[in-house]
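Any read-out appearing in this document is the output of simple, stated calculations on the displayed coordinates, not a laboratory observation. Values in this document were obtained by computation on a predicted structure and should not be read as measured data. For neighbour counting, all protein chains shown are included, and Cβ atoms are generated from backbone atoms with ideal geometry for every residue, glycine included.
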Amino acid sequence: MSKSARKIIKLSEAEKKDPPTFRGNNGFSTDVHQRLSDKGKEYGIKEIISMPTDQIVLAEWVNLKCRYGCSQFNTNWCCPPATPDLTQSRNIIAEYSIALLLEGEQQCTNFYVNNSKKRAEQVRFWKGPLILERQLFLEGYDKAFSLVSGACALCKKCFYPKKCKFPTERRPTVESLAIDLIGTLKNVGKSTPVALDTKECFNYYAIILLD
C-alpha cells in the first residue's frame, strides 16, 4: 500500500472520552447501572436497585440476633462487636443519600453444612459487592462502600481478634450495622419468600452505600 493510500485516523477532541471525576456524577445513571448489572451477574447478583438511604431501616433489635443465637458474634472481624454500633451506623448512613440494594439467589443445599463447597459459594457472594464497589470507585464514586451478605469466609477460620489476613477486602455485613433488612425490603416494595426446604432457593442481599 502506498503512503498516499494510507489513512491515519485520529480522534477529534470532541470524540475523546474524558475520564470520570470524583463526585462528578449526578445521581446513578442508567449507563452505570447497566455496567454494574453486567458485572454483578458474574457473581450471582441478579438485580440492583437504587434507593434513597432514608429507606434503610435501622433497629436496636437487629443486634440481639447477632449477639444471641449467631455463632459469628465476637469471633469474626466483620460481625459485632468488631463493627459499628447503632449510633455509629446511623451517623455513617446519614452521610449518604443514595444506596444500592443488591439481590442474589442461592440454593439451600449447603446452608446447614460446613464444607468447602459452601465456603466457595460464600466467598463468591462476598466478593461480588466488593468488585462492584471497586468499579464504582473507578466511575467516580469515591464514597462507595459495600455491606456484604453473610459472615466473612475468606479464611477457613477468622483470626479475630488477631490481625486480619485480608484487611483490604474486609467489609461489615448488612446486619452488623443494625440494618433491618426485611423492613428495608418492604420500603422498596420487595418481599422475600421463606425457603422451607433445602432444595429451594433463597434470596440474599447486600448493600452498597453510594453517594
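General remarks:
- Point-charge dipole on Cβ atoms (K/R +1, D/E -1) for the chain, about Cα centre, debye to 20: 1120 debye
- Farthest towards the positive end of the charge dipole of region 30-209, among the residues Ala94, Thr53, Leu147, is the Cα of Leu147, using unit charges on the Cβ of Lys, Arg, Asp and Glu.
- Counting only aspartates and glutamates at least 8 places from Lys190 when in the same chain, those with an alpha carbon closer than 15 Å to its own are Glu47, Glu103, Glu105, Asp180.
- Out-of-range pairs (alpha-carbon distance over 21 Å; input Lys127/Lys156; Lys46/Lys157; Lys143/Lys165; Lys39/Lys117; Lys117/Lys156): Lys46/Lys157; Lys143/Lys165; Lys39/Lys117
- For region 30-209, the spread of Cα positions along the three principal axes, ordered from largest to smallest, is 40, 37, 32 Å.
- Summarising the label geometry, the points placed 7 Å from Cα in the beta-carbon direction at Glu169 and Lys39 lie 1.6 nm from one another.
- Calculated mean residue ellipticity, 222 nm, the chain: -8500 deg cm²/dmol, from DSSP H runs (n ≥ 4) at -39500 (n - 2.57) each, averaged per residue and rounded to 500.
- When you filter the chymotrypsin sites (Phe, Trp or Tyr not before Pro) in region 117-164 for DSSP loop state and at most 13 other Cβ atoms inside 10 Å of their Cβ, you are left with Phe159.
- Extension gain for Lys190-Trp61 works out to 44.3 nm (0.36 nm per residue, less the C-alpha to C-alpha distance).
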